[in-house]
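A.B. asks: This structure is in structure tokens; I'll ask about it shortly.
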Amino acid sequence: MKLHPAFIFAAGFGAFLALASTTSHAILYKWIDDNGRVVYGDQPPPGAKPEKLNASLGPADPNAVRDMATKDAEIKKRQQQRADEASKTAKDDFDGKKKLDQCVQARGRIKTLRNDAAVYRYNEKGEKVFYEAADRERAVADNQKLMRDLNCPVLPTT
């Protein structure tokens, strides 16, 4: 019995396709090597804790990869916005505390200047220079202007 060449070719081609399809359905493993890197392969080394992956299945939705990338970008954008808002809030809190400290200091200077106690400052030579009445009023006016500029809250009088 003589075999027809087309039959031989078809049988050979079928065997080739069968072998090729089994290699495409080979099991794919994922593991972490000794250096902490993620490694993929068809044979994990002994002692590794491999995770079995099914490499033959693609995403059911062809747009899934694009959708995941879009969602990932949105998540990163929201995280950046939250970080920016937190930074702005922290800066606003710091500025508010600094303003409040300046208001308290200005009030304290005004109170000290209005008392009859001897008030002085140091000049560039390091000598004490006592405030005269006109200097006191000028310093009080300057501190009141500072408090208006800072929009300091008015304290209730008791």
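A.B. asks: Only one of these conditions is not met by residue 62: (1) open to solvent by less than 90 Å² (accessible area, probe 1.4 Å); (2) at pLDDT below 90. Which number is it?
C.D. replies: Unmet condition: (1).
A.B. asks: With the requirement that a residue be of a type outside the set (Ser, Thr, Tyr) and surrounded by 11 or more Cβ atoms within 10 Å (Cβ to Cβ), what does region 122-136 give you?
C.D. replies: Of everything in region 122-136, those that are of a type outside the set (Ser, Thr, Tyr) and surrounded by 11 or more Cβ atoms within 10 Å (Cβ to Cβ) turn out to be 129, 135, 136.
A.B. asks: Looking at residue 70, is it at pLDDT below 90 and either farther than 27 Å from residue 153 by Cβ or of a type in the set (Val, Ile, Thr) (or both)?
C.D. replies: Taking the combined requirement at face value, the residue does not satisfy it.
A.B. asks: A further question follows. Can we say residue 101 is out of contact with any Leu (no Cβ under 8 Å at 6 or more places or on another chain), acidic (Asp, Glu), open to solvent by less than 70 Å² (accessible area, probe 1.4 Å) and farther than 30 Å from residue 28 by Cβ?
C.D. replies: Spelling it out, it is not the case that residue 101 is out of contact with any Leu (no Cβ under 8 Å at 6 or more places or on another chain), acidic (Asp, Glu), open to solvent by less than 70 Å² (accessible area, probe 1.4 Å) and farther than 30 Å from residue 28 by Cβ.
A.B. asks: Hey, another quick one. Can you tell me how many residues in region 84-127 are of a type in the set (D, E, K, R) and at pLDDT below 90?
C.D. replies: Residues that pass the stated criteria total 5.
A.B. asks: Contact list please: Cβ distance under 8 Å, first residue in region 66-84 and open to solvent by less than 100 Å² (accessible area, probe 1.4 Å), second residue charged (D, E, K, R), pairs at least six apart or on different chains.
C.D. replies: 67/61
The values are calculated or read from the model by the stated rules, or taken from the named source; none is laboratory data. Since the model is a prediction, treat every value here as computed from it, not as a measurement. Backbone-built Cβ (ideal geometry, glycine too); neighbour counts: all protein chains shown. In case anyone asks, the SASA skips ligands and DNA or RNA and just uses the protein heavy atoms, side chains included. Shrake-Rupley method; radii C 1.70, N 1.55, O 1.52, S 1.80 Å.
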